[in-house]
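We did not get these values from a lab; they are worked out from the coordinates using the rules stated. All values derive from a computational prediction rather than experimental measurement. For neighbour counting, all protein chains shown are included, and Cβ atoms are generated from backbone atoms with ideal geometry for every residue, glycine included.
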Amino acid sequence: MGAVIGVGAVLLSFFGNPANTGICVSCFMENVAGALGFHNDIRMQYIRPEIIGFVLGSFAFSLYRRQFVSTGGSSPLLRFLVGVVLIIGCSVFIGCPVKLVLKIAAGDYAACIGLVGLSIGIYIGLEFVENGFQLGVPRDLPLANALIIPAFMVFLLVVSLLQPAFIAFSVKGSGAQHAPLIWSLGLGLLIGALAHYTQFCITGGIARIFLRGPREIMNCPRSTGLLVSIGSFLGFALVTNLLTDQFHPGLSGQPSSNDSYLWSFLGMLVVGFGSVLIRGCPLRQLVAAGQGDNDAGAAVFGMLMGAALVKNWDLAGSAAGTPPAGQIAVLISLCLLLAIGLLNRKRGYGIAPEYQTGLD
Amino acid sequence: MDKLDKISFVVLVVLLVWIAALVVRQIEAPQLERQKPGGRIESGIYSNPEFDKKTDTARKLLAAGNLELAEQLVKALSADFPYEGTPRVLLADLYIRKQNPVAAMLEHKRGIELNPDFLDKKTALFQGKVIKRNLDDALIAIEEALQRNPADSVMLENKKTYNYLKRRIAGSCN
């Protein structure tokens, strides 16, 4: 898994995606939101085939393995809200956890501050999860519910091929920078299928750092494998960057980098915290939605709404720093996550059963 | 109420105070002229007749070699339209004509950060070749200064800006 996503993502950058952005769920969600007309930033409008691939790859492979199960009912609206918050955090840092690893592999030392923020956010989330936090036990739902997200992705694929007038495509800026559709879609499908099989999740892997001995076995038995996957992802991405001359070490002035370290740190802290509460990073939400998890589907639609908001309300970070609205949005996001954590705790209880099956 | 609740409440209070401070600072900040989204057209050129007229005049003054008047006008434009990149690029042009490539490089940086269209081949504002030439000249000036005084902190900072602009020309997301 680490090799596929590490080599594949760097090659996507090499073949046309923006620098250090071979794969970035939050940037790509902003592109999709722009293409659908949810915001009017003419530089960020493109239906990214990678997003379609993640969901449909997971959908097809889960069908093949007979693991496609329609489940849901575990606080979908709260998950929707956390989906919005995740994209706000990512946009301030300029990138999702996958892009964080890609930035480090390309020599962006400043991204390490984001890694620290993400790790601390995960630690805070784990504290809540281990102290009775729960969003409710998911139950089986009619099959039609689980088909909504894959059907939405098929719709996106069709309109990206037909390019009707109501879909916008950037002719300049990062939205206009993309690898050939067949490469992006193919790699997306492969990553989606493998991520379904391995339950790949950056958040789950980093959680391993804080879970030792019985805590690991009881709370997140897959986390060791996930951490190894992240390590191999970083290693393969680094080697591919070196081979394709895309490794440019430096502390400032890196592509897609926000040089205001405090807000990068806090942005990723929000992402780590929120991801643990809804059991998975943004990539994991897409993959889980593809395999029939309606709650993850709610988070995916929340991420799409968040992508529109960060552009319309000018919340995103940039090389010039973080706008005041973005700073306030990050702090409000942290307050929201804390409030969700406090209001959904059963005092005196330990980890909820749905989290014990493996922190995805 | 357990330990986690207590810590969370304290953090919540700190965050709320922080948010209030940021909001107050925003309200009290000088109300700089805001550019409405509708004020822009697709090419990225600000569609304000007064602005267009003044930038045209500044270009003519620069072309005619009247650098003193051009400088006054362009600096006034930069102050009146702080979110526009064009006055910054005009100022860079002025510094190039004044044989000061390092100052021009710094203005190009400000211009690009305000409007990345200056590095976009597909727009009428594209200035990539001019900026590249300016960077080459600036590097020579910086290297000369650093040979004279390797510890010159200003020039070391300028070298960083040079590297940053090189990276910006290579492309970026967002």
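Annotation: the residues A:PHE166, A:PHE28, sorted from fewest to most other C-beta atoms within 10 Å of their own C-beta, follow the order A:PHE166, A:PHE28.
With semi-axes defined as the square roots of five times the eigenvalues of the C-alpha gyration tensor, the equivalent ellipsoid of chain A measures 27, 23, 21 Å, largest first. Look at B:GLU143, B:GLU107 and count the other Cβ atoms within 10 Å of each Cβ; fewest to most, that gives B:GLU143, B:GLU107. Annotation for A:LEU77 and A:ASP140: the two label points, set 7 Å from Cα along the Cα-Cβ direction, are 2.8 nm apart. Pairs of lysines 8 or more apart, or on different chains, with alpha carbons under 30 Å: count those in chain A, would you? For chain A, qualifying lysine pairs total 5. Potential lengthening of the chain between A:ILE209 and A:TYR261 amounts to 16.4 nm, from the contour at 0.36 nm per residue minus the alpha-carbon distance. Extension gain for B:LYS60 to B:ALA20 (0.36 nm times residue separation, less C-alpha to C-alpha distance): 9.6 nm. Look at the alpha carbon pairs under 8 Å that are at least 6 residues apart: their mean separation over the length of chain A gives a relative contact order of 37 percent.
Among the listed pairs B:LYS132/B:LYS160; B:LYS109/B:LYS132; B:LYS54/B:LYS121, which have their C-alpha atoms separated by more than 22 angstrom in this model? In this structure, B:LYS54/B:LYS121 exceed 22 Å between Cα atoms. For the pair B:LEU67 and B:ASP52 in one chain, pulling the backbone fully straight at 0.36 nm per residue adds 3.5 nm over the alpha carbon distance. Dividing the helix sum by the residues of chain A, where each DSSP H run of 4 or more adds -39500 (n - 2.57), gives a mean residue ellipticity at 222 nm of -20000 deg cm²/dmol.
Exposure proxy shown here: for A:TRP183, A:TRP263, the number of other Cβ atoms within 10 Å sets the order, fewest to most, as A:TRP183, A:TRP263. Between region A:25-64 and region A:128-180, what is the C-alpha centre distance in whole Å? Cα centres, region A:25-64 to region A:128-180: 6 Å.
Across region A:84-231, C-alpha contacts under 8 Å between residues 6 or more apart give a mean separation that, scaled by the residue count, equals a relative contact order of 20 percent.
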